[in-house]
Structure formats: C-alpha cells, structure tokens
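The structure under discussion appears below in the form of structure tokens.
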Amino acid sequence: MPKVRGRSLRVLFDAEAIAARNQELAKEIAAAGYHNLLVVSILKGSFVFAADLIRALHGVGLAPEVEFISLSSYKKATVSSGKVTLLRDVESDVVDRDVLIIDDILESGRTLAYAKKLLIKRGARRVGVAVLLNKPGKLAQPFAADHVGFVAPDLFVVGYGMDAAHAFRELPYVAVVEDKPAKKARAAVRGSRVRSRAARWRRDADESRRGSRGHAGYRSRREP
Ligand code: IMP
Ligand code: MG
C-alpha cells in the first residue's frame, strides 16, 4: 500500500490501467464522429485526465481545440441540494461547435448537467461528455455520460487530479485514503472542530441578539 502524507492509500485504478483505458476512450471518441471538436475540461479535478486524454486523442488522429471552464459545486451546511457556480468561463464561441466536456467524476450529475446545459444554451451543435469515473446510484437528476473510463465504488477517491482539500492531485493513480490521520493530526482536527463550533455558537448568539432587536424595532415602528 503506498503511503503519502503519512496516509495509507488503497489503489483502485493504477497508472497502467488508466493509460490503457485512455487509449480505448480515445478510439471510442474518434468513432463517435465529432466534427471540428472543441474539448472543454472542467477545472480543477479533470486537469490530469484531460491532459492524458487529449494526447490520446492526438494518437488516434483527432486535432481538437482545448478550453477550460472552472465550476464549483458545494453544499451549504443546512441545505442538501448542491449549487453549481461558474468561477471561470470558456473563452471560445461554441455556436455550431461539437463540444466534448471532460470531467473527473460523475456523481450527483449537477456539475455536468450545468455545464452541458450552458453550452447547449449558447448554441453548441453537439455536446458529448467524457468522465474518468462514474459513481452509479448517486445521481440527483437523470444524466448519462457518453464516454466513461471506469465505474467507481461509492467511496471518496483521490489522485490523478482529484483531491482531498487540494492534496493528492499529483498521484498517478486513483486511490482511497484508508487509514485515519496520525494521533497528532487528529488532535489538531478535533481542536479546529471545537474552535469552529465555538465560533458558530458565538455567531448564532450575535445573530439572534441582532434578530430580536430588529424584530422589536420593526414592531415598535408598526405598532402605535
Ligand atoms: P457532481 O456535481 O456531484 O457530479 O460532482 C462531481 C464533482 O465532485 C467532481 O467533478 C469532483 O470534482 C467532485 N467529487 C465527487 N466525488 C469525488 C471524490 O470521490 N473525490 C474527489 N472529488 C470528488
Ligand atoms: Mg470536479
């Protein structure tokens, strides 16, 4: 088991398997008949996969233009539905273009559904989707990728561009972090959790004080 940052990693897809699958995906994409192809890589997670896949596309005779879009999907603590935000847009005009979106993982489908809808709305002729990993059973809405590298188990994975708090992107393989952080690191995490809980309580108390003042003010203005 490789160890990185003091953590044991269980490799799910090694570099050789990924390289071989990229060659197959490239052939599949070439056979799909995209014309005048514009590849759009979703940052940040797909940058390693996209870098390898576009070179595999060159190997099968395709000459795509390559662009980047930066999207972030996040969950608010109290709201279960994720919201996708456009952080950096593509520069190209996509009207009448065949576009292939590349992403690392298809999970809830929110990120890819957002990207695909955006490009179609802007007039793309055809929008295909290639993902390295598909985690089935997690979709928040119906969505299918056209080209899938591997079906992944429902585990949080890192490596090959994918991160945990910006770490592990450099790994040449896809892995699961197996062991718990070392004692010292765990204590630090616990400490920071306690600190952030205390900060949240202080914030809530402030807000509720402000809220009750505001409410009283509102009543006093409206009531004789
Ligand atoms: P979706 O919008 O829920 O499909 O989110 C997909 C995005 O979440 C991916 O592009 C990744 O950036 C991130 N993500 C989902 N699962 C994992 C994981 O296991 N490891 C790292 N990133 C993940
Ligand atoms: Mg992503």
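Observations
- Which of PHE150, PHE68 has the fewest Cβ neighbours within 10 Å, and the rest in rising order: PHE150, PHE68
- 32 Å Cα-Cα threshold exceeded, pairs from LYS27/LYS116; LYS3/LYS27; LYS3/LYS135; LYS117/LYS180; LYS27/LYS121; LYS27/LYS180: LYS3/LYS27; LYS117/LYS180; LYS27/LYS180
- Ranked by the mean number of other Cβ atoms within 10 Å per residue, highest first, peptides 31-43, 154-166, 102-114, 82-94 order as 102-114, 31-43, 154-166, 82-94.
- Think of each Lys and Arg Cβ as +1 and each Asp and Glu Cβ as -1; about the Cα centre, that makes the dipole of segment 1-52 roughly 420 debye.
We did not get these values from a lab; they are worked out from the coordinates using the rules stated. Keep in mind it's a predicted model, so treat the numbers as computed, not measured. Neighbour counts run over all protein chains shown; Cβ positions are idealised from the backbone, glycine included.
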